[in-house]
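Input: a single structure, listed below in C-alpha cells.
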Amino acid sequence: MTEARPGRPGADRHSSPDPVPFPPHVVDGRLRALPDPVPDLRRVGISPDHWYPVAKSRSVRRNRTFAAAFAGERIALYRGRSGTVHALEDRCAHRQVPLSMGVVEGDILRCCYHAWAYRGDGRISQIPYLPKGCERPPRGVRSYPVREAYGLVFVFPGDPALAEAAPFPFLPEYDSAAHRTMTFSRTVRCHYSFMHENLLDMNHQFLHRSVLGRIQPELLGYETGPRHVEARYLFVPAGGRKDRGAGLLSAEGIGGRDTPDVITIRTEYPYQTLRDVPEGTELPAFSLWAVYVPEDAEQRVNHAFGLLTIAKPSVPGALHLAWPLIRRFTERVFAQDRTAVEAEQRAWDEQGEDRNHEVFPLILDVRDVLRSNGVPLRPEAAPGCGPCGLASPAQHAGVTNGAGPVQPPGPAAEGSAGRD
C-alpha cells in the first residue's frame, strides 16, 4: 500500500513549480511540443463494456414491461411466462414506438401499436397483417445480455462478444445467513465521476456533522493501479451528537461506544466498495457495493444502485429492530451527499467547464483512472440527440484514450417515471 503523502511525483500540473529559465514548452533551450491538455473528466463517458444494473428485480414483474436506460439508450425490460428477464432496444423496428409500452404474451413482447411480436433475442416472430410477397421486413431490434443477481437486473450495453468474459460483481455476503442487505436505488443529477470522488474522499465529513457528529478522518494510506484506487482511513470520533442509526450500523451496540473504525474504500472501475471494520475486530460491521449508471446521453444524470450488507449481531432479532433507524441514518447521509454533488454539477453547467481546484492526491489519481478507462462522448451529445452519447468507431477511429480501442455503445429522487 502506498503511503499517503501530500503530493505525487511529477504532479507539477497540480502545483506551482520553481521558476525555470525557459517557457514551459522550451527544454534546455530546445522547442518541445506542448503536452495534450488533460480531458475534462465531466466530458468522459463511462465504458459500456461492463455489467450494469438498470432496475431492481422486483420492479420487473412477470408478464410486465419496465422502461430502463443506459447513457441515452432506452432499454425495454420484460419478464415472460418462464420468469426470464429479457432486454431489448426500446423502439419497435416498425414505427419506433417504445416497446416498453407493449404487451407480454408468454415469452414474447408485442408492440402496443401494430402488434409486431418480438422474441427475447430481439428477432421479430410475427407481423399479424403481413401479406404474402411483401417486401422483406426488418429482422428485429437490438437485444442486450442480461443477468439477474443480488436482487438487481444487470445488462451489458457494450460489445455482446465481451459480455461472457467481463468480470461480474462478486458479493458473497449477500446470500450469507450472517448478513442482511439493504438496497438503494436513487437518481442523482450529476456526472457519475462526482459520485466516485464523493465516496472516496472522506475529508468531506464536515458535511455530515449533523448525523455523524465531529469526525477526524486520518488517511492511513492508499494504492493505485490502471483500473483501481483504494484508500484506508481511520475514523476517530471527536465529540458531537451522532444519529442513533450510525452507531447501530457500525456495531457500537446499545452502549453506543465511541471507538475508531478503519474504513477501506475502493474504486475498481466501474464499481465502488466500502468496508467498515471497528477497531479491535477483524470482520467488517458493514460493507457497501455501489455503481453509478448514467441515464442520459450527456451523462449528467446517473442512477445510483447500492447494496449495504450489514453483519447480524449475536442478539437474535436485534438487527431487525434496528433496521428502521439504520435506514433513516443512511437516507440522511445520502441526501446530504446528493445535495453536494448536484451543486458541483450545477457549477459545471454554469461555467461550461471543470474549474474546481483539487489538492488531494487520492482524488487526482481516481480521476486518472476514470479518464483512462472511460470513452469519449460524441461532441454533439445533447438532450434529445438520439441513442447513447458514446463515441462511435467511425468518429474516433484509432482513439484509445489510454484504455484500448474505443468500443461502440451496445440508468435522486425515487419514484420517477419508469424507474425504481
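Between LEU130 and MET182, the modelled label-to-label distance comes to 5.2 nm, taking each label 7 Å out from Cα in the direction of the beta carbon. In this simple spin-label approximation, GLU105 and SER82 carry label points 7 Å from Cα along the Cα→Cβ vector, and these lie 1.8 nm apart. At 10 °C and 1.306 mPa s, grab the translational diffusion coefficient of the range 205-332 from Stokes-Einstein with a Kirkwood Rh over Cα pairs, rounded to a whole number in µm² per second. Diffusion coefficient, whole number: 99 µm²/s.
For VAL277, what charge total do you get from the other residues with a beta carbon under 12 Å from its beta carbon, if Lys and Arg give +1 and Asp and Glu give -1?
Values: positive: ARG232, ARG275; negative: ASP261, ASP276, GLU279, GLU282.
Around VAL277, the charge tally is -2.
Ordered by solvent-accessible area of protein heavy atoms (1.4 Å probe), largest first, the residues LYS312, LYS56, LYS242 come out as LYS312, LYS242, LYS56. Mean sequence separation of contacting Cα pairs (under 8 Å, at least six apart), scaled by the length of the range 44-105, corresponds to a relative contact order of 27 percent. Extension gain for the segment LEU162 to HIS320, taken as residue separation times 0.36 nm less the Cα-Cα distance, is 52.8 nm to one decimal.
Return one quarter of the surface area of the convex hull spanned by the alpha-carbon atoms of the range 296-351, equal to its mean projected area, in nm².
Numbers: hull surface 20.0 nm².
It is 5.0 nm².
Let a ≥ b ≥ c be the square roots of the eigenvalues of the Cα gyration tensor of the range 70-135; is it rounded (a/c under 1.5), or, if not, prolate (a/b larger than b/c) or oblate? Taking the square roots of the gyration eigenvalues as a ≥ b ≥ c, the range 70-135 is oblate.
Here LYS312 is the anchor, and the lysines within straight C-alpha reach of less than 23 Å, apart from those fewer than 8 places off in the same chain, are LYS242.
Legend: P(r) of the range 148-270 from all alpha carbon pair distances, 10 Å bins from 0, whole percents, reading 10, 29, 38, 18, 5, 0. With R₀ fixed at 45 Å, the C-beta to C-beta distance from ARG244 to VAL38 puts the FRET efficiency at about 0.50.
Can you grab the distance from the C-alpha centre of the range 341-373 to the C-alpha centre of the range 91-145, Å, no decimals? Cα centroid to Cα centroid, the span is 43 Å. Here's the picture: a label point sits 7 Å out from the Cα of ARG95 along the beta-carbon direction, and within the range 110-127 the residues with their amide nitrogen under 18 Å of it are 110-118, 126-127. Measuring r between the beta carbons of ARG123 and ARG227 and using R0 = 25 Å, the FRET efficiency lands at 0.10. Segment GLU350..ARG61, full-extension length gain: 100.0 nm, with 0.36 nm per residue of separation and the alpha-carbon distance subtracted.
The values are calculated or read from the model by the stated rules, or taken from the named source; none is laboratory data. Here the structure is a predicted model, which is why all the values come from computation and not from measurement. Glycine gets a Cβ as well: all are built from the backbone with ideal geometry, and neighbour counts include every protein chain shown. Ligands, DNA and RNA are stripped out before the accessible areas are found, and what is left, the full protein with its side chains, is counted by its heavy atoms. Shrake-Rupley method; radii C 1.70, N 1.55, O 1.52, S 1.80 Å.
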